[in-house]
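Written out below as structure tokens is the structure these notes cover.
The values are calculated or read from the model by the stated rules, or taken from the named source; none is laboratory data. This is a predicted model, so every value here is computed, not measured. No Cβ is skipped: glycine too gets one built from the backbone with ideal geometry, and neighbour counts run over all protein chains shown. For accessibility, only protein heavy atoms count, side chains too; no ligands or nucleic acids. Shrake-Rupley method; radii C 1.70, N 1.55, O 1.52, S 1.80 Å.
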Amino acid sequence: MSLESFLTTLDQLERESLVAFDAADDADSLEEVRVRYLGAKKGALKDVQKQMGSIDPSDRKAAGMRLNEFKSKIQSVFEASQDRLGGGGEAGVDPTFDPSLPGIRPNLGHIHPITQTVNHLMEIMGRMGFEAAEGPEVEDPWHNFVALNIPEDHPARDPLDNFYLATASANSDRSVEGEQLLRSQTSTVQIRVMENRKPPIRVISLGRVYRPDDPDATHFPMFHQMEGLYVDEHVTMANLKTVLRVFATNYLGGDVQIRFRPSFFPFTEPSVEVDFLWNGNWIEFGGAGMVDPAVFEAVGYDPEKVSGFAFGLGVERLCMRRHGITDIRDLYSGDLRFLRQF
Ligand code: DAH
């Protein structure tokens, strides 16, 4: 066969096959076209390949190149038709796949109930003009105790009540109890904010605190507090009560009543315990008071010129009351059956 007629045959075959693949409108007719052109035994491609033998050896190279081009062309047209008809043809069909079965939902993570509570508290306090402030969880005694008017011999500094961090001493390979500790209260952030800013100040700080308590239904060695601080001229206890009442009403719902009981904290004078009336019971949610003049002096404020209130509430306690959770350990067990409810 001459090169010329071989090339003419291929051109014609190509035109014809393109039309045929294009016209296939379901899997069966596509299969028929595939067999007609690409079939291993009697396909048109197979036929023209056989004719290569009758071509003059000096023309074989040119004929082979054109044949390869033809082959890849109809192969890709075939694959495009498969895609168009939405199936992988015989080879691509998984006989065990049933498209009518419901799918398997991927497991989506979601926000932990305590983080949800933290975000909610931030939003409520934000509406009253309190901005969020942060401080480190590893603290020094100045911010955790001294500046908060907690003297050296105060029981709150007892190593049995705090997580002091062991640090390697310079002269020995024994580790010694260092100065730093995991903060035991978010009141540390009051000091950090006042050291860096001038009044008026209206901040909250929401974060983790640590105390070496044995876990039980109401205790856990790590928990969260919401600290509030308001410093300006002429701030009063009435302002404190109003802010806490508006907060409790928003968070717990209904018109929550609030009660102050006299108490003592080194960093406030006077100091109170804060109770909310919840389902007929008075429940303590934290402490509060007017910022002690000694604290203002520690951060370089003039206690004659400014006044302020501070409060610290337990975040877990708020979250547990609102959602009817009775054991704090449920929040930190990592049990998805519990966590998925939120
Ligand atoms: N820091 C106190 C605690 O951990 C709570 C507290 C009480 C914070 C009174 C305050 C406050 O800001 O004024 O028990």
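Key figures
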quantity	calculated
Estimated FRET transfer efficiency (Phe338, Glu297; beta-carbon r; R0 35 Å; 0.05)	0.15
Stretch gain in nm, segment Asp255-Thr326, where the contour uses 0.36 nm per residue and the Cα spacing is subtracted	23.2 nm
Separation in nanometres of the label points that stand 7 Å from Cα toward Cβ, at Glu179 and Arg208	2.4 nm
Evaluated over the chain, the Cα radius of gyration and Dmax, each in Å	38.8, 113
Overall Cα dimensions of the range 137-255, principal axis frame, Å, largest first	58, 40, 22
Cα-derived Rg to Rh of the range 281-333, Kirkwood definition	1.23
Between helix 3-23 and the chain: long-axis angle, C-alpha atoms, 0 to 90°, nearest 10	50 degrees
Kirkwood hydrodynamic radius of the range 246-337, from inverse mean 1/r over distinct Cα pairs, in Å	15.2 Å
Inter-label distance, nm, simple model (7 Å from Cα along the C-beta direction), Arg15/Asn279	8.6 nm
Relative contact order of the range 3-84, pairs being alpha-carbon contacts under 8 Å that are 6 or more residues apart, as %	39 percent
Cβ-derived FRET efficiency at R0 35 Å, Met122 paired with Glu152, nearest 0.05	0.50
Computed [θ] at 222 nm, deg cm²/dmol, the chain (DSSP H ≥ 4; -39,500 (n - 2.57); rounded to nearest 500)	-12000 deg cm²/dmol
Unit Cα scatterers, Debye sum, the range 205-294: log10 I(q)/I(0) for q = 0.24 Å⁻¹	-1.34
Average accessible area per residue (Å²) across the chain - probe 1.4 Å, nucleic acids and ligands excluded	57 Å²
Residue-span extension gain [Trp142 to Ser263] - 0.36 nm each, minus C-alpha spacing	41.2 nm
Under 17 Å from the Cα of Lys42 - lysines, other chains or at least 8 residues apart	Lys50, Lys71
The chain: relative contact order as a whole-number percent, Cα under 8 Å and 6+ apart	14 percent
Sequence-separation-based contact order of the range 20-62, relative, with Cα cut under 8 Å and 6+ spacing, percent	18 percent
Projected label distance in nm at Thr8 and Glu32, using a 7 Å step from Cα toward the beta-carbon	3.0 nm
Cross-link partners of Lys198 among aspartates and glutamates (Cα-Cα below 14 Å; sequence separation of 8 or more within a chain)	Asp232, Glu233, Glu297, Asp302
Directionally averaged projected area (convex hull, Cα atoms, the range 1-125), nm²	14.9 nm²
